[in-house]
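First comes the structure, then the notes that go with it.
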Amino acid sequence: MSRFAIGVDLGGTNLRVAAINENGGLFDQLSFLTEVEKGREDVVDRLSKGILQLVERWKDIYQLAGIGVGIPGILKMKEGILVASPNLPGWENFNIRAQIARRLNSPFYLENDANAAALGEKWIGSGRACDHLCFLTMGTGIGGGLILNGKIWHGVAGMAAELGHVTIYPNGRLCNCGNYGCLEAYAAASAVVKAAKEILESGKASSGLQKAASAGTKLTSAIIYRLAREGDASSVSIFEGVGRALGLAIANFINIFDIDTFVLGGGAVDAWDAFEKSMFEEVPKRSYIYRNDPRKILKSHLGNQAGLFGAAYLAFQS
């Protein structure tokens, strides 16, 4: 009997559960709104029910290899405690392993969501067969995952690679984590919307952005990206800023880690063509290493599903 694994991607906005085979084929998926405001117990309850639903649906056809769960934030790997997550308010020092274990009778494995996505890209994505990989996931927030010598680098306490919270502008915008000038505050989808609101409040917004803001619908990063593609000056400048922020950060990561492959994933990477020019202009300005030995900076092959595949891969490998 061939095996399958359950991959879970718990995000600040969406919660997804998928059934994936050993060849990287996703053959069933459930999606929900995370609805963090309902409380962490409710979210874990729905997460667990989604897992059990897929296990029950496929257990007579495939052998269950295990369950992998990707979680945003700082995770103490040994204890299974979520120390903090800017995108899951109220989850501080939450023993998520114990809460999931209460609801499941199958083996499961926890991992930071960006680490899980990095594993997904290494398994069947843009970083396939790459032993040294830096992954940045761009969505509601920005996460990071580092693969060194073929394995996730967790650091001393499992808290390594919070790359979205490196400081790129010391006196910059306030980030959800409490710091000022984080990469996340300039390059995440939420940062795109915030930048648009700042321009609107300044009274200097171009006509396209003004019209979108007064249309009565909620302003989103997707709308701003569409405006940028249509040539709206304010929207173009916002994504140029995203590219500069990413370029600054990636140059620093090259200087520190000397990694040869960088992969950018997550929903916000749909706007790649709007920020890639300024990103690729910024990296060589900031990295002597890159100027002499250019590295690969790639768009994710798996998109916002990398975390699902990586979580499943974790279960297969464990």
All positions within the range 288-313 that are touching a helix residue (DSSP H, G or I) at 6+ places or on another chain (Cβ under 6 Å) and in a helix (DSSP H, G or I): 289, 290, 291, 304, 306, 307, 309, 310, 311, 313
Residue pairs meeting the criteria (Cβ under 6 Å; at least 6 apart or on separate chains; first assigned to a helix (DSSP H, G or I), in the range 203-232; second of a type in the set (Lys, Arg)): none
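Residue-wise test of (1) over 12 Å from residue 183 (Cα atoms); (2) within 15 Å of the chain's Cα centre (by Cα); (3) not charged (D, E, K, R).
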residue	(1), (2), (3)
124	yes, no, yes
127	yes, no, yes
132	yes, no, yes
142	no, yes, yes
146	yes, yes, yes
151	yes, no, no
154	yes, no, yes
169	no, no, yes
Restricting the range 267-292 to residues that are modelled with pLDDT of 95 or more and among the charged types (D, E, K, R), the residue that is farthest from residue 143 (Cα to Cα): 291
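Just checking, which of 278, 287 is more than 19 Å from the chain's Cα centre (by Cα), under 22 Å from residue 206 (Cβ atoms) and not aromatic (Phe, Trp, Tyr)? Outline the logic, then answer.
Values: 287 fails: under 22 Å from residue 206 (Cβ atoms).
The match here is 278.
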Qualifying position, being of a type in the set (A, V, I, L, M) and either out of contact with any helix residue (DSSP H, G or I) (no Cβ under 7 Å at 6 or more places or on another chain) or surrounded by 23 or more Cβ atoms within 10 Å (Cβ to Cβ) (or both), among 274, 213, 228: 228
Residues located in the range 263-305, provided they are under 27 Å from residue 17 (Cβ atoms) and of a type in the set (Val, Ile, Thr): 263, 269
Residue under evaluation residue 66, criteria (1) without any contact (Cβ under 8 Å) to a residue 60 or more places away in the chain; (2) more than 23 Å from residue 13 (Cβ to Cβ), criterion not met: (1)
Residue among 71, 67, 168, 147 that alone is of a type in the set (Val, Ile, Thr), crowded, with 23+ Cβ neighbours inside 10 Å and not assigned by TED's automatic domain parsing to the domain that holds residue 313: 147
Residue selected from the range 68-82 under the condition within 13 Å of the chain's Cα centre (by Cα) and modelled with pLDDT of 90 or more, by the criterion farthest from residue 306 (Cα to Cα): 71
Test set (1) closer than 27 Å to residue 52 by Cβ; (2) crowded, with 21+ Cβ neighbours inside 10 Å; (3) at pLDDT below 95 - residue 102 fails condition number: (2)
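Suppose we keep only residues that are among the polar types (S, T, N, Q) and surrounded by 14 or more Cβ atoms within 10 Å (Cβ to Cβ) within the range 1-47. Which one would you say is nearest to residue 107 (Cα to Cα)?
Residues of the range 1-47 that are among the polar types (S, T, N, Q), as a first pass: 2, 13-14, 21, 23, 29, 31, 34.
Then drop every residue that is not surrounded by 14 or more Cβ atoms within 10 Å (Cβ to Cβ), which leaves 13-14, 21, 29, 34.
Values: 13: 26, 14: 23, 21: 17, 29: 20, 34: 23 Å.
So, considering only residues that are among the polar types (S, T, N, Q) and surrounded by 14 or more Cβ atoms within 10 Å (Cβ to Cβ), the one nearest to residue 107 (Cα to Cα) is 21.
Going by the conditions given, is residue 144 in a strand (DSSP E or B) and not hydrophobic (A, V, I, L, M, F, W, C)? Full working, then the answer.
Working: in a strand (DSSP E or B): yes; not hydrophobic (A, V, I, L, M, F, W, C): yes.
Criteria met by residue 144.
The values are calculated or read from the model by the stated rules, or taken from the named source; none is laboratory data. Since the model is a prediction, treat every value here as computed from it, not as a measurement. FYI the Cβ positions are ideal-geometry reconstructions off the backbone, even for glycines, and counts take in every protein chain you see.
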